[in-house]
Amino acid sequence: MIVLDVRGICPVTDFFVIATGTSPRQMRSVCDDIQEMARPRGFNAISHAGYGGDTWVLLDFVDVIIHVFSEGARQFYDLEYLWGDAKHLDWRDEKTPSPSKPTGT
């Protein structure tokens, strides 16, 4: 998952969150979980798209747009390249463990 800061280069939002799901069901579940976590914090998606499809689910929180793609769709649409001028944000907080790197033997 990556977070792009598109402030100043995108007229419709400030941030894109781009993630890859392993199946349409998982992609929808991730978006459902995001909405459930956002509501008690006072954030409600004003729109969503793609729940009936197999390749892309989108949640629009106005300042943040969340894209959850299938692997093939993420490669095809390549938003990271399209928004190549955007700053990539380090979204992990200190409590989130970093993925471990394999050690050489």
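For the stretch 9-101, which fully contained strands (runs of 3 or more DSSP E) count at least 1 residues that are on the phi < 0 side of the Ramachandran plot and surrounded by fewer than 15 Cβ atoms within 10 Å (Cβ to Cβ)?
47-49, 87-89
Of the numbered conditions (1) over 10 Å from the mean Cα position of the chain (by Cα); (2) within 12 Å of Leu58 (Cβ to Cβ), Val17 satisfies every one except a single condition; which is it?
(1)
Using beta carbons and a limit of 6 Å, which pairs, at least six apart or on different chains, have the first residue in the stretch 1-25 and touching a residue at least 12 places away in the same chain (Cβ under 8 Å) and closer than 14 Å to Ile65 by Cβ and the second one in a loop (DSSP other than H, G, I, E, B) and of a type in the set (Asp, Glu)?
Partner pairs satisfying both residue conditions: Ile9/Asp85; Asp14/Asp63.
Bear in mind these aren't lab numbers, they're just calculated from the coordinates by the rules spelled out. As the structure is a computational prediction, the values presented were derived from the model and not from experiment. Every residue, glycine as well, gets a Cβ built from its backbone with ideal geometry; the counts of neighbours run over all protein chains shown.
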